[in-house]
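Written out below as structure tokens is the structure these notes cover.
The values are calculated or read from the model by the stated rules, or taken from the named source; none is laboratory data. Only a predicted model underlies this, so the values are computations on that prediction, with no experimental measurement involved. With ideal geometry, Cβ positions are generated from the backbone for all residues, glycine too; neighbour counts draw on all protein chains shown. Note: accessible area is taken over every heavy atom of the protein model, side chains too, but ligands, DNA and RNA are not part of it. Shrake-Rupley method; radii C 1.70, N 1.55, O 1.52, S 1.80 Å.
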Amino acid sequence: MSDPHDLFEAAKAAMAKAYAPHSNFPVGAAIRSAGGAIYSGCNVENASYPEGWCAETSAIAQMVGAGERAIIEVAIVAGKVACIPPCGGCRQRIREFGTADTRIHLCDATGVVETVTLGELLPRAFGPEGR
Ligand SMILES: O=c1ccn([C@H]2C[C@H](O)[C@@H](CO)O2)c(=O)[nH]1
Ligand SMILES: [Zn+2]
């Protein structure tokens, strides 16, 4: 297993690019793919509030756009709180490309604080293999 600190650093760098003028709540996320690459993203808000999207969603879009479809682990960091678990929608989006064993690293400003599995965050999930 790779040291998740590189994933934390990528999430933190992505958070610095967040566009969050409406909530003033910047978030960064980074994914390590099955191919071993890191894909990161930030939240992108909108004056029409529901049109904004999460950092995890941005990172997933980067991964899929690069041709990868398997998430091994995810790191998430927010500027205002120590540990931010992904929202419900992002849990489902991560599930699309991950498994119950996918590791989710919750970070503060200095690094990983807690690691949970997607199975813990989204038990009895409806996944793509269930269709
Ligand atoms: O896991 C999360 C939770 C929230 N946000 C964003 C959405 C919105 O822009 C801001 C406040 O909810 O934080 C994320 O990017 N990821
Ligand atoms: Zn989300």
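Only one of the numbered conditions (1) within 16 Å of ligand 2 (Cβ to nearest atom); (2) aliphatic (A, V, I, L, M); (3) over 11 Å from the mean Cα position of the chain (by Cα) is not met by Ala30, and that is (3). Apart from one condition, Ala14 fits all of (1) modelled with pLDDT of 95 or more; (2) within 11 Å of ligand 1 (Cβ to nearest atom); (3) within 30 Å of Glu129 (Cα to Cα); (4) not in a strand (DSSP E or B); the exception is (3). Of all residue pairs spaced 6 or more apart or on separate chains, those with beta-carbon atoms under 7 Å, a first member in the range 81-95 that is more than 10 Å from ligand 2 (Cβ to nearest atom) and a second member that is open to solvent by less than 60 Å² (accessible area, probe 1.4 Å) and part of a loop (DSSP other than H, G, I, E, B) are Ala82/Asp108; Cys83/Asp108; Arg95/Leu122; Arg95/Ala125; Arg95/Gly127.
Scanning the range 19-39 for residues that are within 18 Å of Met63 (Cα to Cα), of a type in the set (A, V, I, L, M) and touching a Cys at 6+ places or on another chain (Cβ under 9 Å), we see that the one that is farthest from ligand 1 (Cβ to nearest atom) is Ala29.
Restricting to the range 49-68, what's the tally of residues that are of a type in the set (Ser, Thr, Tyr) and open to solvent by less than 60 Å² (accessible area, probe 1.4 Å)? Residues that pass the stated criteria total 2.
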